[in-house]
Each structure stands twice: as C-alpha cells, then as structure tokens.
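Enquirer: Please see the structure below; I have some questions.
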C-alpha cells in the first residue's frame, strides 16, 4: 500500500489533489500524513482528508500551500460553493473593490478547517448543483444595483461571455432562482437578464 501511494504521488503533476478515500482509506491516510510532515516532501496537508502536491519546497519558505479559495472549492465540492455578495462582483470583474478575506457561500453547515475565508450559509438546496461562476452570477443578481460599480448592460455582457464560454448554465441558475424564497430582487433581475440575453 505504501509503495502504491508513493508511486501515485511521484507520477502526479504538481498541483494534483489527493484524498485518502481515493487511494485506499486509512493506510493511505497514514502514508499521506507522514509525507506531509516531511519537510522535504512535495506533499502538503491542505485540510482534513485533503492533500496537495505543491512541488519541491522552497529552501527559505518551505512548502507552498494552495490558496484558501482553492482549498475551499475542494472541501465544499457539491455544496454550492461560490463567491458571496460583493466578492462575487469582484470575481466577475464587476467591481474593483476587493475584500481583505474572500467570502464564500455553501449550502448547509460550513466546512471546518479552512482558514482564510469567511463562509456564508445558503439554505436553498438547488444551489448545490451550481458551479463557482454560476453561484457568482446568482449572488450579483440578488444584490444589483448594489455591490457593483457597473451599469446593468455590463452585467448582461459579462454573463453572456460566461455563457458563450460554457462556464455558466443559465438553466441550472434558473432552477436555483425558482427555489429561492424572499428574494424578489433576484427573481426580477434574473428575468430581466434572460430577456436582455434573448434580445
């Protein structure tokens, strides 16, 4: 088991992610944990049950841990993780204002052990089917005209770009919007968006 895990790690490219559950369970966890503690190993423990191949450690700064947002995306996969509020506008390039710490949404209880991000809970289970960019679009539409520094036409153009690059699926967003409660601005802005995109 140990040799199999090491071989898998050696063959993987820098930037690869590993979960013990995908490599053989408890025995793999022990091997990964031991390697992550080795200062000369390329492996970093990003969060509980999540490891990252960071490359050869820097002689002065040591191992480079992945960005908090990248860790959060992995930890909260399948739970509607995405940028929240004004951070969503910054992610989409609709404001120059950048928060000191990124705010991310998640459906249900926020995951523990992810440093450097602020979690905001969303209760709509339909949001769990959205990707990072789709969550950002929904958050911006819920805020607009607040939270951005652009006119409505620029919001429409940005969403059109994402749709054309197949980075967002408007039907998926529509399902999540339909399941939202007490957010009339979101529904109104989404309907307006669809109308303008169809024009």
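The values are calculated or read from the model by the stated rules, or taken from the named source; none is laboratory data. Treat the numbers as computed from the prediction; the structure is a model and nothing was measured. Note that each Cβ is placed from the backbone with ideal geometry, even for glycine, and that neighbours are counted across all protein chains shown.
Enquirer: Taking only the range 175-199 into account, find how many residues are part of a helix (DSSP H, G or I), farther than 13 Å from residue 142 by Cα and free of Cβ contacts under 8 Å to residues at least 40 places away in the same chain.
Expert: Number of matching residues: 3.
Enquirer: Residue check: is residue 149 at pLDDT below 95 and more than 16 Å from residue 195 (Cβ to Cβ)?
Expert: Numbers: at pLDDT below 95: yes; more than 16 Å from residue 195 (Cβ to Cβ): yes.
So residue 149 passes the test.
Enquirer: If I ask for residues that are within 8 Å of the chain's Cα centre (by Cα) and surrounded by 15 or more Cβ atoms within 10 Å (Cβ to Cβ), which ones from the range 72-88 would you list?
Expert: Of everything in the range 72-88, those that are within 8 Å of the chain's Cα centre (by Cα) and surrounded by 15 or more Cβ atoms within 10 Å (Cβ to Cβ) turn out to be 72, 73, 74, 76, 81, 82, 83.
A quick yes/no check of all residues on (1) touching a strand residue (DSSP E or B) at 6+ places or on another chain (Cβ under 6 Å); (2) in a loop (DSSP other than H, G, I, E, B):
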site	(1), (2)
60	no, yes
65	yes, yes
70	no, no
73	no, no
87	yes, no
93	no, yes
97	no, yes
113	yes, yes
120	yes, no
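Enquirer: Taking the range 27-50, which residues are surrounded by fewer than 16 Cβ atoms within 10 Å (Cβ to Cβ), in a helix (DSSP H, G or I) and under 27 Å from the mean Cα position of the chain (by Cα)?
Expert: 33, 37
Enquirer: Another one. Can you list residue pairs whose Cβ atoms sit under 8 Å apart, with the first residue in the range 10-28 being over 24 Å from residue 67 (Cβ atoms) and not assigned by TED's automatic domain parsing to the domain that holds residue 76 and the second being at pLDDT below 85 and not in a helix (DSSP H, G or I)? Count only pairs 6 or more apart in sequence or on different chains.
Expert: That search, which allows pairs on different chains as well, returns 24/1; 27/1; 28/1.
Enquirer: Here are some residues: 14, 56. Which one is touching a strand residue (DSSP E or B) at 6+ places or on another chain (Cβ under 8 Å) and in a loop (DSSP other than H, G, I, E, B)? Talk me through it step by step, then tell me what you get.
Expert: Values: 56 fails: touching a strand residue (DSSP E or B) at 6+ places or on another chain (Cβ under 8 Å).
None of the others qualify; the one that does is 14.
Enquirer: Quick one: in the range 99-111, of everything that is in contact with a helix residue (DSSP H, G or I) (Cβ under 6 Å, 6 or more places away or on another chain) and assigned to a loop (DSSP other than H, G, I, E, B), which residue is nearest to residue 47 (Cα to Cα)?
Expert: 111
Enquirer: OK, next. Testing residue 21 on (1) farther than 16 Å from residue 74 by Cβ; (2) part of a helix (DSSP H, G or I); (3) touching a helix residue (DSSP H, G or I) at 6+ places or on another chain (Cβ under 9 Å), one condition comes back false. Which one is that?
Expert: Result: residue 21 fails condition (1) only.
Enquirer: Identify the single condition in (1) at negative phi; (2) modelled with pLDDT under 95; (3) out of contact with any helix residue (DSSP H, G or I) (no Cβ under 7 Å at 6 or more places or on another chain) that residue 183 does not satisfy, given that it satisfies every other one.
Expert: Exception for residue 183: condition (3).
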